[in-house]
Amino acid sequence: MPKLIQYRDKCIGCGICHQLQPAWWRMSKRDGKATLVKGEKKNQTYVREIPLIEEELIRRVVRDCPVHIIKWV
Amino acid sequence: MTKSKTKVKLLAPAGSMDCVTAAINAGADAIYFGVEQLNMRTRSSGGFSIGDIKEVVRICHASGVKAYLTLNTIMYDHDLRLLQLILKEAREQGIDAVIAADVSVFQQCMALGIPVHVSTQANISNLAAVEFYARFSDLVVLARELTFQQIAHITSEIKRKDIRGVSGEPMQVEIFVHGALCMAVSGKCYLSLHSQWASANRGACVQNCRRPYKVADAETGEELLIDNEYIMSPKDLCTIGILDQVIETGVDVLKIEGRSKGADYVFETTSCYKEAIASIEAGTYTPDKKTVWLNRLNAVYNRGFWEGYYAGHSTGEWTSTPGSSATEKKIYVAKGVKYYGKIGVGEFDIETGSLEQGDIVMLIGNAHGMVKMKLEPLMVNGQPSEKAKKGDKITIPVATKVAPGDKLYKITEANA
């Protein structure tokens, strides 16, 4: 299953990931950054498995993050 | 009724701690900086965090320099908590003002008693707008597209009508005198958002305007001939040659753009404009001096210069090359190791490239901003030497303390 990875400390809180898929992302009221829902935290990196069927949406969010802090493997 | 004659103030940008020091050393009356992601240079500058506010304000106030915090992006609901945290810390540390464009910031600042300066992002272009914003602020940064006549009208009407800011003091007016210009009206650009979801108004501009473009007929695919491919990239604003006219408009503060630029840029631009202001006040503002200042300004990052819209130009002047047209370039060579204070000697490890005795080098660090010097004499691995290369340890006389992590650059001609 593909893994979605977010390097959170560089997030600028623009909210595009949340707009594209609110079920995966929520905007933190604590620091204004996007949080990967159910993401496993490793230092400042968050990882979550996403079913391959969602590939199009994964590609879209990876492409549209303006500061390129979302990757998938 | 009338404002007492006060000297015009100079406001310098600081995107990092070495730039703060460079601006102070160059004579800035105030500096402006942003923290976290709520400022217009989120993508391009190294960035300060909330925890840095204390140190920036402390360093500035120790030198009698004011510190302004930029919080001038558009704000979303999810930003308001962070905004509150930043503002509380800013007030705690004694920030002198917050530069903002969104009314949510005005509101929070007023509730906390923090002075507000209205950002150029608000595109203030007329007296009525100044009167409106006077209810929330003490200073407005005007749109960069106004003419001298329009600016002078605004400042003289502020005096005549005795327009006062929220603090009860006469409203002050600030304008940009130097630095990058935007193809859109004073930064209100949606091009970057349109092309890459990267909102310039959230500080994430990818600078589409700085690239070369072709114009093609969509039906035939035929390309149209245009004389300059950089059709959206304005040259940088430079008013050093018309600064007397700028000051004559009656503005209170002159602002330099460049929070994403280096300490060398901050030092040179700030010191040139500081000297120019002093010359105008002393009646010694001569063409010879203008030439010297222009040469110094040309040496640091720039896209070519023009005088902006102030003199009444109806359209912009566009750059013809990518990147900077600076006449000098700095090449990273070595990192600072330690300083022998008693003998005034700094030790550096050469990490890349080489150095020769007589080279002009630039030392950049938080404690001293930017310092230029000539490499003379040069000691390599403990012995006097003419040259040093990667892997060598060098010691050189330095007037200021060298800290681990300071960076040493070689200065060369840009086209050498």
Where A meets B: accessible area buried, both sides, 1.4 Å probe, Å²: 1300
Fully extended contour minus Cα-Cα distance, from B:Thr321 to B:Asp349, at 0.36 nm per residue: 6.6 nm
Cβ-Cβ FRET estimate between B:Asp162 and B:Glu386, R0 fixed at 60 Å, reported to 0.05: 0.35
Once each part is reduced to its C-alpha centroid, what is the distance from region A:1-60 to region B:106-184 in angstrom? 40
Going by alpha carbons, how many degrees (0 to 90, nearest 10) lie between the helix axis of B:103-112 and the longest principal axis of chain B? 80
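Could you give the C-alpha radius of gyration of chain B expressed as a fraction of 2.2 N^0.38 Å, taking N as the number of residues it contains?
Cα Rg divided by the expected 2.2 N^0.38 Å: 1.04.
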If each DSSP helix of 4+ residues adds -39,500 (n - 2.57) and the sum is divided by the residues in the protein assembly as shown, what number results at 222 nm, nearest 500 deg cm²/dmol? -7500 deg cm²/dmol
Evaluate the relative contact order of chain A (contact order divided by residue number), counting alpha-carbon pairs under 8 angstrom at least 6 apart; express in whole percent. 45
Please report how far the C-alpha centroid of region B:16-70 lies from that of region B:258-323, rounded to the nearest whole angstrom. 21
Could you do me a favour and compute the accessible area per residue for region B:272-416, 1.4 Å probe, result in Å²? 52
Förster-model FRET efficiency, 56 Å R0, B:Arg81 and B:Thr286, C-beta, rounded to 0.05: 0.55
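If you average the sequence gap of Cα pairs under 8 Å that are 6 or more apart and divide by the length of chain B, what percent do you get for the contact order?
Normalised by residue count, the contact order of chain B is 17 percent.
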Regarding region B:285-398, what's the average projected area of the Cα-atom convex hull, expressed in nm²? 10.6
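Would you work out what percent of the accessible area of region B:65-124, with all protein chains in place, is carbon or sulfur (probe 1.4 Å)?
Solvent-exposed carbon and sulfur of region B:65-124 make up 46 percent of the total.
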Row for the protein assembly as shown, column shape: gyration tensor on C-alpha, a ≥ b ≥ c, rounded if a/c < 1.5 i.e. under 1.5, prolate if a/b over b/c, else oblate; value rounded
Residues of region B:75-93 buried by at least 40 Å² on assembly (accessible area, 1.4 Å probe, chain alone as reference): B:His78
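For region B:1-99, would you read off the P(r) tail past 21 Å as a percentage of all alpha carbon pairs? Write down the numbers at each step before the final one.
Details: 1607 of 4851 pairs.
Distances greater than 21 Å cover 33 percent of the Cα pairs.
The values are calculated or read from the model by the stated rules, or taken from the named source; none is laboratory data. For clarity, every value in this text was computed on a predicted model and none was experimentally measured. Here the Cβ is made from the backbone with ideal geometry for all residues, glycine too, and neighbour counts use every protein chain on show. The area values use the complete protein model at the heavy-atom level, side chains included, leaving out ligands, DNA and RNA. Shrake-Rupley method; radii C 1.70, N 1.55, O 1.52, S 1.80 Å.
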